[in-house]
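Below is one structure, written out as structure tokens; comments come after it.
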Amino acid sequence: PASMQAAYLKPAVLRHHEVPGHFKEVFILSGYRPVSSVAQCVRSIFSWNNETLNVWSHLLGSLAFLSMAVGAVSEFGVSDPAVWPLYLFLLASVLYPLASALAHMFNVLSREARDVCFFIDYAAIAFYGHCATCAYSAYSLPGHMMAPASQLLLLAASTATAIWGVWTSCRTRFMPSRQVLRLSGFVLACLIANLPVLARLAAAAANSDEASLPHWRRQLWLVLAMAFLYLTHLPERLWPGAFDIVGHSHQLFHLAGCMGTADQIAALRFDLRDRRPLLTSPPPWLPMLVSAGLVAACACGIVLRYSLRVRRLAAAGGGGGCGKKRSD
Ligand SMILES: [Zn+2]
């Protein structure tokens with residue numbers, strides 16, 4: 001019948017009061033997808049709902065970073081170990097928005113799937129943060145810190161905070177008041193990752209003409225903007241319901257994240273090109289690979305552990321993560 005065909009072409013979206021608590025977003029009143037099949041989830045990104053732009057912003061971001069990676073490989077080749085840290089970072093830059101886009105696409109498969117989707121999202125972000133630190137320590141430290149000892153110290157601190165970040169972000173999905181603890185995991189990782197850039201900007205003379213510095217400065221502002229959006233839920237906090245489909249804080253958060261990543265890539269490429277005499281040769285690529293492998297393995301282990309816990313809780317009838325409104 002025509003009505004069924006219409007429903008097929010235009011999937012229904014629900015109001016805030018029609019969805020269970022754990023599917024709700026604070027200050028977002030409409031545009032919720034009902035619990036959906038895999039095919040419905042895929043179709044849903046071609047119609048308007050409150051996740052459509054969250055998916056597309058990161059799908060397109062991932063594609064853009066993939067094309068930047070192809071450009072970098074064709075410019076620098078693969079034989080020179082000096083470029084490998086940049087490639088590690090580019091790989092993570094392609095993966096994290098892809099994981100996030102899939103998480104936003106499939107998070108209405110079920111309550112349990114929703115938790116698992118965001119575990120994977122957090123793990124990919126933590127891996128990306130660590131890979132950023134790897135590339136920073138290879139190319140972008142202040143000149144006097146460009147030595148194996150400080151590089152290793154930074155990598156060790158980043159490994160620990162990345163793993164801590166995944167653990168707290170997964171753990172906190174089971175807690176009633178979780179935003180502060182979850183943020184603490186990311187703030188620590190973010191501080192470690194941005195320390196080299198802060199030190200570099202502080203050490204740079206005001207009239208320094210290094211090509212990467214404007215990108216580093218803008219990237220730091222974007223990190224602050226992301227923290228602001230995440231914590232304040234602006235603009236939808238002021239006008240609940242007005243930004244459900246277009247313009248809510250999480251969409252702006254994604255946009256700022258993609259712009260920040262593009263700035264990081266540009267800055268790293270400039271540093272690789274312009275700071276060759278300063279770089280340690282070869283870069284500490286072995287500790288980088290080992291630490292990135294360790295972060296990836298621990299992240300997978302933590303995701304698996306908490307995914308099993310979600311399943312156990314669901315089987316026991318307790319449901320997945322916390323039942324309160326969430327903020328991913
Ligand atoms: Zn997101």
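Values quoted throughout were computed directly from the atomic coordinates according to the rules given, and no laboratory measurement underlies them. Remember, predicted model here, so these are calculated numbers, not experimental data. As a convention, Cβ positions derive from the backbone with ideal geometry for all residues, glycine included, and neighbour counts pool all protein chains shown.
In percent, how large is the relative contact order of the stretch 212-328, given Cα pairs closer than 8 Å and 6 or more residues apart?
With pairs under 8 Å counted, the relative contact order is 25 percent.
What number in nm² do you get for the chain if you take the convex hull of its Cα atoms and divide its surface by four?
That works out to 18.2 nm².
Could you order peptides 282-289, 122-129 by the average number of other Cβ atoms within 10 Å of their residues, highest first?
122-129, 282-289
Where does the stretch 199-272 land on Rg(C-alpha)/(2.2 N^0.38 Å)?
Dividing the Cα Rg of the stretch 199-272 by 2.2 N^0.38 Å gives 1.37.
Could you check the spin-label model distance between residue 239 and residue 74? Points 7 Å from the Cα along Cα→Cβ, value in nm.
It is 4.3 nm.
Quick one: 120, 265, fewest Cβ neighbours within 10 Å first, how do they rank?
120, 265
Given labels modelled 7 Å from the Cα in the Cβ direction, how far is it in nm from residue 144 to residue 224?
So the two model labels end up 2.5 nm from each other.
Any idea how far the Cα center of the stretch 70-89 sits from the one of the stretch 130-151, in Å?
17
What list do you get for 280, 52 if you sort them by fewest beta carbons within 10 Å?
280, 52
Indicate the helices, whole DSSP H runs only, in the chain that combine a mean Kyte-Doolittle hydropathy of 0.5 or more with a Cα extent along their long axis of 24 angstrom or more.
The qualifying helices are 52-76, 84-106, 148-171, 179-203, 213-232, 285-315.
For residue 46 and residue 26 in the same chain, what is the full-extension length gain: residue separation times 0.36 nm, less their Cα-Cα distance, in nm?
So the extension gain works out to 4.8 nm.
May I ask you to compute the full-extension gain from residue 305 to residue 217, defined as 0.36 nm times their residue separation minus their alpha-carbon distance, rounded to one decimal in nm?
My answer for the length gained is 27.9 nm.
For residue 187 and residue 316 in one chain, what is 0.36 nm times their gap in residues minus the Cα-Cα distance, to one decimal in nm?
43.0 nm
Compute the FRET efficiency between residue 198 and residue 174 as 1/(1 + (r/R0)^6), taking r as their Cβ-Cβ distance and R0 = 30 Å, and round to the nearest 0.05.
0.35
Return the long-range amide H neighbours of residue 32 (sequence gap of 5 or more, or a different chain), with a cut-off of under 5 Å between placed amide H atoms.
Long-range HN contacts for residue 32: 14, 50.
Using Cα pairs closer than 8 Å and at least 6 residues apart in sequence, work out the relative contact order for the chain, in percent.
Answer for the chain is 27 percent.
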